[in-house]
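First the structure, in the form of structure tokens, and then the observations on it.
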Ligand code: DC
């Protein structure tokens, strides 16, 4: 049995925080697939530039994959946490910038990019199975249960209202959570969700057998406890 827990959901639904804490409690590794899309976006912005988006523009899939392989862009397992690296430098901090956030959905809509990212994720999980101390991997993203690991025995789809997600994102950044700012952040999140949900390839949507978890009224601790409980029922210790 593949020891993977897939956690999908829209931006700022708490996927990565939940996945990281679930992994810690189970003694599993954590892989944030969005971090790889972000690291690749950072590498592309620094090495190719913003480019256009039309036919034959600078952001072609093959050119991006070539940059990813050359630098390289990769995931490195450090203390049960897969961290994104560009040319040997840890970029976990740099990939959260506004500039990367603004461009990442466009890059994630390119089919060759998704094929490359998916291969990295599968390889990372294989590596954990073969040599690592972890017993499995909690992977979070948008298409983990539908495309990357459809055979994962436990699939969770997290949701929360856009306003609640905006509030969480703002307080995470240490910013004031007042009405107008929440409205703007909520609109930006909704725009990114729309881009991720409406793309032709691997759109954001729950797998048919995913457990839907609306976290609007849940604390992080409550949602983590729920996933851990489901995992303990499914994966023999
Ligand atoms: O979860 P995040 O905000 O760090 O993800 C960044 C972007 O990457 C997001 O806009 C959509 C894309 N993404 C994706 O298309 N598929 C994934 N499995 C993970 C992220």
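Calculate how many DSSP beta bridges within the chain are antiparallel, expressed in % of all such bridges and rounded to the nearest 5.
30
What is segment 60-132 by shape, rounded, prolate or oblate, if you read a ≥ b ≥ c off the alpha carbon gyration tensor as root eigenvalues and call it rounded for a/c under 1.5, prolate for a/b larger than b/c, and oblate otherwise?
Verdict is oblate for segment 60-132.
For a quick protection proxy, order the peptides 135-143, 160-168, 12-20, 70-78 by their average other-Cβ count within 10 Å, most packed first.
135-143, 12-20, 160-168, 70-78
With label points built 7 Å along Cα→Cβ from the Cα atoms of residue 62 and residue 225, find their separation and express it in nm.
About 5.5 nm separates the two model spin labels.
Can you work out the FRET efficiency for the pair residue 119 and residue 94, with r the C-beta to C-beta distance and R0 = 25 Å, to the nearest 0.05?
0.60
Once you have a ≥ b ≥ c as the square roots of the Cα gyration tensor eigenvalues for the chain, tell me rounded if a/c is under 1.5, and otherwise prolate or oblate according to whether a/b is larger than b/c.
The shape class here is oblate.
If we sort 107-118, 29-40, 184-195 on the protection proxy, mean other Cβ atoms within 10 Å, highest first, what's the order?
Answer by packing, highest mean first, reads 29-40, 107-118, 184-195.
Just check segment 144-237 against the gyration tensor rule for me: Cα atoms, a ≥ b ≥ c as the square roots of the eigenvalues, rounded for a/c under 1.5, and otherwise prolate or oblate depending on whether a/b exceeds b/c.
oblate
Calculate for the chain the 222 nm mean residue ellipticity that helices alone would give, adding -39,500 (n - 2.57) per DSSP H run of length 4 or more and normalising by residue count, nearest 500 deg cm²/dmol.
Rounded to the nearest 500, it is -15500 deg cm²/dmol.
Each value in this text was obtained by applying a stated rule to the coordinates, not by laboratory testing. This structure is a prediction, so every number in the text was calculated from the model and none was measured. Heads up, the Cβs are rebuilt from the backbone with ideal geometry, glycines too, and the neighbour counts pull from every protein chain shown.
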